[in-house]
Structure formats: structure tokens, C-alpha cells
Amino acid sequence: MHLRALIIVSFVAECILGGIQRVRTPCNLTGHWTYTPEPGHDYSWSESKDGDLLCFPGRDAWLRASGKIVGDNVTLKFADKSCPGASPSMPEIVKWGTIDETCSTITMHDVQPNCPTAGSCMYQRIPPPPPPCPTNASNPLDIDWLKCKSHRIINGSRIRILPTSILNRGLNATYAYTPDASHSYGAQWTRDFAYTVLGGAPDLMDEHEVKQSVRYTFRGQRASDGCMPDRVQIDGMSVMSPGGMMPNNGRNPQHDHAWDNGPFAAILLAATANAWPETTRKERGLQRPSLFCELEPSARRALDFVNRSSENHLVYNDINHPNCTYGFTDTVAKTGNLLFTSLLYIDASRQLAGLAALYGCGNATQYGTEAARMAAAIDDVMYDSASKLWVAATHDNRLPDVWGSAYLVALGLSTPSRRQAAMDAIATNADTYLAHGQLRHLPYPTFWTRCTWSPDEESIPSGCPAEGTYQNGAFWATPLSYLTKAMIATNNTPFARQVLEACVADFKANGIYEDVDYGRPAVSKGVLNYTASATNVLYAVKELLAHENAAGSR
């Protein structure tokens, strides 16, 4: 018998008698891993002798964990009391899974709230993180560091759209740009995406990817009435209302939508068109319409959906059955005429008027007229002489709106004397409005008074977040793009620089969070690596440096 035939016979016999016994190379778990339901979180693991996984931080810094690998079985023990810093009150939780032959994926066999199906969630090996962004200690604004961090957060915020998404049929958009690189939100929010493009484009973002993702948002517009989505998900769901998605994505009985999504969709379109102009398409022989002309009719419908008062043309929210107003206060039930959403409408209409005239599509006159009518009514309806600011709403939560007042001044509304008085009030009483270079929604120590959505909930004291947390008294970097422009416009440029330097210092020392409070009166932080915080501050720093450079050259 030939040698080749002998080998074949031996191989067949071995298979018949029980199969080939392969020797598995032991895995070493040392390296960087991520958990698929939380893809923005990097676990740094170190394996010692005998397969022991040394203590490492869990999803929350206070939740310490350890682990062990035996063969292809991996055991993780969270809140391990032997780990330094483990919570003494947290019970130990043991999870287990199996690692694949490539030593790159651990399939978990337990269930938990963010993984309700056993075997559907995994730890996956990832490349090590890049080195820290280089810093320049001699430059308190450190724009290069801020650009580097913003770029990484923008890239980290992207989630690949699923191939089954119905919104993506024939479009083939690649990514959803989520509000943070920690993926705590996990979908493409209309307002956050607009802020990201305003601060990050064109330098830090890819033109084709962004334009396709903008189209993906507009694909989510409700056909029946033009309502724009609060967010579009990677699975193709278009969700209109802030908060959790209702069963079968039905309408939320408390609040069907947020009034700001229409204006923000228009601002998103304008920001994209301005970042990557297409005014030379005809000269280049391109037949397909520009992105602006393609989506302008949808933007027009989005603005037409917004409810406005017939008396003063300002955005109006029903007192008895309010909808959400501005997404960065989507826990707050502001009713009557609304300041911030009206400003968004004015801003969007002004930008669309200019682009409609430039591209020759859309009714530039209509956009301009609507913006002018609303602007003329702001002072009569919303001004508060006591605070020298403008109120957030005319009925529930009739309180001085710090963000809205800065936005109003940045847009050049009201009179020069009132604009000056408003920003001087903030600059001369900074502790009332700011901490660590970040801005409160309301003057300290004011808090929102109504955060319930139905008359049936009136027995609830306010329904608001705890005082000093989140949208009820924490401090935010997002509005610094408005505040910086407003301070520059009122000759408070040194104060604008002071605020931004403090904010960048806090970013470097503590991280770029959604919101922070270091004890006035709470100690709290929002989501880490929050995109709008990074990009809006980057936008503000660019504005400040451009103004200072222009002033220095005169």
C-alpha cells in the first residue's frame, strides 16, 4: 500500500473511532476588551499565572471585578471584595462564558438588563487605545488638544447601521452618529447630530459619511405630518419622543414628540450644506441636485409641523398636554410660549433663507419673513426686567433661561442695551451661572418647578430630577457655543476666554462629561465622552480665537 493511501485509511479510522483530538493552545486574556452592549467602554485586563485575571474597573468605576480562565471557560466576579476599591454594599455577581478558538471573543451565558438573551452578548478583544492627546501646558485653551479629543469622541460615537434597517434601503449609510463615545444613548439623535456637525465639520468628519447619515435622519420623518424624529436607531426605528421607546414604537401618550426636532433637522441640513458647499454642481456638469435642494422640502415640512401662536408667531406648548420642548431640557414641562425652541426656529429659518437664495430652491422670502415676525415678538412676550434675561416659557417654568438668553444675544435679537445688560449680568455674577467653565440652565439656586406631563400627575411634587443633577441644576458645556458668541458681541471677550479656559482645564482634569456638578448642591456627572460638550466647546474656542486674531490685526 502506498504511503498516501495508508495516511488516508488511518485518518478515516480515527474519525470513525471518535474523531480527531485537537490540542488547544491556552488563551491569555491580557489586553483590551469591550462588552458588546457597551462598545465604548475599554476593559484593560491583565492575566497572571494559573489563568487568574487581576482586578480591573467594571462599567462603573466603583464596581471592581476579577476573573479566571480554565480551558475555554471564563468566569468574571464583579464587586469582588478582594479588589481594592470594591463597593462594600454591592453583592458579588459572578458571570461566566466561553472563549472562542481565536482567543478574541468570549460569549457570555448569563442574562442581565442590557443583555436579556443568554449567548447574545460578548466580550471582544480590541486594539489598545491610542496614546493620550498631546497637551500644551502653556496654552490654556489648547485647541490642538481639544481637536484631538473631539475627533476621537466623534469617531468613537459612531455605530454601524444594521443591514436590515428599513430606513437604509437604497441609501447605504454607514454610521449613526450617537451623542457620546460611551454609547450610553446608542442612536442618532437629531439635535446632538446637529451640534456635532456644527462643531466638527468639515475638519474632523468625512463628507460622504455625514451626508448619508443626514439623509438617514431625514428618512425618519413622519410621513403623515412632517414631524422629525427625536432619534433614528441603527435597526431602522424612527422614534419621535424623548425617553424610552414605547411598545411597537407606538406614540407616547405623555408626549408625542419634541418641538425642537424640526428646527434642529433644518439646522443640521444647513450645517452640512455650509461645511461642504455644492454651489458649483452645474458648472461641474452634475445633474443630481445638491443635498440642500434634495432635502429642503422635508426641512420645510419639519418647520411647518411646529406649533406656533397665531398672535405672536412664537412656538407654543399646550398647558394641559405639553410636548417636550428642547431636548437638553426634555425632562422639563415648559408650557405657553417657548423661548429656546422659538430661537431655534428663528435660527433655522434665517439659515434656510440664505441657502434657498444661494441654491435657488425653497422659498427664501417665506423663511425670512417667518424669522423676522418671531424675532419682533421676543421682547414683548419673553423679557424679564428683574433678571435682565428672557424667560424659558410664559406659563409653567416661567423662569430666567440662561442658555436661551445667551442664544438670543448670539442671534442679535432684542435691543443693544438689553443684550448688553443680560451678558453683563452673567459676567459680573459668574458664580450664579457658571462652575468650572460650564453653564447652568437657570440662575443658581433656582430649580425647575414642573417636570410632569399630564394634569393627572399633579399630585407629584414636581417630577423633576434631583436638585443639582442633570437638567435640574447641573452645569453643562454644550451652551458655551452660544455664550461665547454672546459675550464677544457685547464686548465681554476677556470673560469668554476666562470661561473657556476653565472649561478646558476641567475637561483635562476630569474628562469630557455631558454635565457636571461638584457640590452645588449635588455631586453628579452625566455621560462621559459626550460629543456636544466637546464639539460645542471646540466651536466656541474657534470663534474666540478668530475674533481675537481679527481684533489684533486691526
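The values are calculated or read from the model by the stated rules, or taken from the named source; none is laboratory data. Nothing here was measured: the structure is a model prediction, and the numbers come from that model. All Cβ positions, even for glycine, are placed from backbone atoms using ideal geometry, and neighbour counts span all protein chains on display. Just the protein is used for accessible areas: all its heavy atoms, side chains included, with ligands, DNA and RNA removed. Shrake-Rupley method; radii C 1.70, N 1.55, O 1.52, S 1.80 Å.
A few remarks follow.
- Residues of the stretch 450-463 classified as open to solvent by 30 Å² or more (accessible area, probe 1.4 Å), in a loop (DSSP other than H, G, I, E, B) and at pLDDT below 90, total: 6
- Evaluated against (1) in contact with a Ser or Thr (Cβ under 8 Å, 6 or more places away or on another chain); (2) open to solvent by 10 Å² or more (accessible area, probe 1.4 Å); (3) closer than 26 Å to residue 36 by Cβ; (4) in contact (Cβ under 8 Å) with a residue 60 or more places away in the chain, residue 210 falls short on exactly one condition, (2).
- Beta carbons closer than 7 Å, at least 6 apart along the sequence or on distinct chains, pair a first residue in the stretch 139-165 that is free of Cβ contacts under 8 Å to residues at least 60 places away in the same chain with a second that is assigned to a loop (DSSP other than H, G, I, E, B) for 144/136; 148/133; 151/204.
- Filter result for the condition that a residue is touching an Asp or Glu at 6+ places or on another chain (Cβ under 8 Å), closer than 30 Å to residue 499 by Cα and assigned to a loop (DSSP other than H, G, I, E, B), over 129, 140: 140
- Candidate set from the stretch 410-433 (those that are among the charged types (D, E, K, R) and free of Cβ contacts under 8 Å to residues at least 40 places away in the same chain); member that is most open to solvent (accessible area, probe 1.4 Å): 431
- Scanning the stretch 303-326 for residues that are within 10 Å of residue 259 (Cβ to Cβ) and open to solvent by less than 40 Å² (accessible area, probe 1.4 Å) yields 306, 315, 317, 322, 323, 324, 325, 326.
- Some residue of the stretch 492-502 being modelled with pLDDT of 95 or more, open to solvent by 10 Å² or more (accessible area, probe 1.4 Å) and touching a Pro at 6+ places or on another chain (Cβ under 7 Å): yes
- Filter pass, residue 507 being under 19 Å from the mean Cα position of the chain (by Cα) and part of a helix (DSSP H, G or I): yes
- Only listed residue being in contact with a strand residue (DSSP E or B) (Cβ under 7 Å, 6 or more places away or on another chain), of a type in the set (A, V, I, L, M, F, W, C) and modelled with pLDDT of 95 or more, chosen from 408, 413: 408
- Candidates 533, 553, 524, filtered to the one that is among the polar types (S, T, N, Q) and closer than 22 Å to residue 446 by Cβ: 524
- Some residue of the stretch 140-162 being small (Gly, Ala, Ser) and closer than 25 Å to residue 70 by Cβ: no
- Considering residues of the stretch 99-118 that are at pLDDT below 85 and part of a loop (DSSP other than H, G, I, E, B) only, the residue most open to solvent (accessible area, probe 1.4 Å): 113
- For the stretch 123-164, taking the residues that are over 23 Å from residue 34 (Cβ atoms) and within 24 Å of the chain's Cα centre (by Cα), the one that is surrounded by the fewest Cβ atoms within 10 Å (Cβ to Cβ) is identified as 144.
- Residue 403 in contact with a helix residue (DSSP H, G or I) (Cβ under 9 Å, 6 or more places away or on another chain) and in a strand (DSSP E or B): no
- Only listed residue being open to solvent by 10 Å² or more (accessible area, probe 1.4 Å) and touching a residue at least 24 places away in the same chain (Cβ under 8 Å), chosen from 546, 486, 509, 505: 505
- Conditions (1) open to solvent by less than 40 Å² (accessible area, probe 1.4 Å); (2) modelled with pLDDT of 95 or more: number failed by residue 186: (2)
- Residue list for the stretch 511-530, filter: within 17 Å of the chain's Cα centre (by Cα) and closer than 26 Å to residue 494 by Cα: 511, 512, 513, 514, 515, 516
- Output for the stretch 389-399, where each listed residue is surrounded by 23 or more Cβ atoms within 10 Å (Cβ to Cβ) and of a type outside the set (A, V, I, L, M): 390, 397
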